[in-house]
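Working notes for the structure below.
Just so you know, all these numbers are worked out from the coordinates, no wet-lab data involved. Every value quoted in this text rests on a predicted model; they were computed, and no experiment measured them. All Cβ positions, even for glycine, are placed from backbone atoms using ideal geometry, and neighbour counts span all protein chains on display.
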Amino acid sequence: MSGIESFHLEPSTARAFSLLSGGELTVIDPLGKQVADLVAFCGDDTNEWLSSGRTLDYAGTLRLTEGHILYSNRSNPMLEILSDSVGRHDFMFAPCSREMFHRQYGEANHPNCLDELAFALREYGISSDRIPTPFNIFMNVHIEPGTGDLEIREPLSGPGSRIVFRAQMDLVLAVSACSAEKTNAGALGPIDLTLTRNMECIRCKVEDNT
Ligand SMILES: [Zn+2]
């Protein structure tokens, strides 16, 4: 038994939701060349959160794709990448923020992922200061061999590109449609989400049996 829900994120917006272990999240770029920032917290204790450092350590690569696991700061599996039609994402950059746009572009009050993610996560009691490095879906960061210089290039995602995750624990998740023009090939687009909830999760079975 499963339940399917779909959400449409308008450009420069975010949404937070819970997903029990075994449930699946599909993130779709409907028009192409649009980045989505994903953050995750343990549903039972939001002091456990998605960790770039742990994940890159265990994966041994920056090129996370199908088959890789995203880990928490406590080294527990949070999300498995079940399928990935693009194969190019980033797990190094912080979410774009008001301060970033001011510091790098001299722009005040630019829409940004950090504010949108924090606004979406307020119902779970998670504030801006607790938002970790997101898994930046479809973000294309080129690393120059030799110098290590980082260059943000346009996403490789086309219309309908998607990535599918399976929850490895009960989670609180938030996803934004990124607000940074440079990261998104100069234009800001929407993001679509599909949640496939696993109604036969382990916890449900345990509760049914008690
Ligand atoms: Zn952003």
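Work through the residues other than G158 whose Cβ is under 10 Å from its Cβ and net out their charges, Lys, Arg +1 and Asp, Glu -1. Intermediate results must be reported in sequence, preceding the final value.
Details: positive: K33; negative: D29.
Once all neighbours under 10 Å are counted, the net charge is 0.
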Modelled label reach - R74, point 7 Å along Cα→Cβ, region 15-51 residues with backbone N closer than 14 Å: 41-51
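Relative contact order for region 34-166 using alpha-carbon pairs under 8 Å, separation at least 6, rounded to a whole percent?
Values: 238 pairs, mean separation 39.7, N = 133.
30 percent.
For each of D170, D129, D84, count neighbouring Cβ atoms within 10 Å of the residue's Cβ, then give the residues from fewest to most.
Numbers: D170 17, D129 7, D84 20.
Lowest count first: D129, D170, D84.
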Debye-sum result for region 37-147 in log10 I(q)/I(0), which assumes one identical scatterer on each alpha carbon, at q = 0.23 Å⁻¹: -1.31
E154-Y58 pseudo-label distance in nm [points 7 Å out on the Cα-to-Cβ vector]: 3.6
Around G67: net Lys/Arg minus Asp/Glu count, Cβ-Cβ under 14 Å: -1
Cα→Cβ-extended label distance, 7 Å offset, between T147 and A108, nm: 3.4
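Length gain on complete extension for the stretch R130 to E66, per 0.36 nm per residue less the alpha carbon to alpha carbon distance?
Numbers: separation 64, 0.36 × 64 = 23.04 nm, distance 2.75 nm.
Length difference between fully extended and current span is 20.3 nm.
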Loop GluC sites (Glu not before Pro), region 1-107, which have at most 16 other Cβ atoms in a 10 Å radius of their Cβ (DSSP): E66, E107
Coarse-grained scattering of region 77-128 at q = 0.13, 0.18, 0.24, 0.28 Å⁻¹, given as base-10 log I(q)/I(0) from a Debye sum over alpha-carbon atoms: -0.49, -0.80, -0.96, -1.02
Pairs of Cα atoms farther than 21 Å apart, the chain, %: 51
Which of C96, V175, S18, positive extreme of dipole for region 2-209 (C-beta unit charges): C96
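With each run of n ≥ 4 DSSP H residues scored as -39500 (n - 2.57), what mean residue ellipticity at 222 nm is computed for the chain after dividing by its residue count and rounding to the nearest 500 deg cm²/dmol?
Mean residue ellipticity, 222 nm, calculated: -4500 deg cm²/dmol.
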Backbone HN-Hα couplings from phi across region 126-132 [Karplus 6.51/-1.76/1.60, Hz, Gly and Pro as x]: 10, 9, 3, 5, 9, 7, x
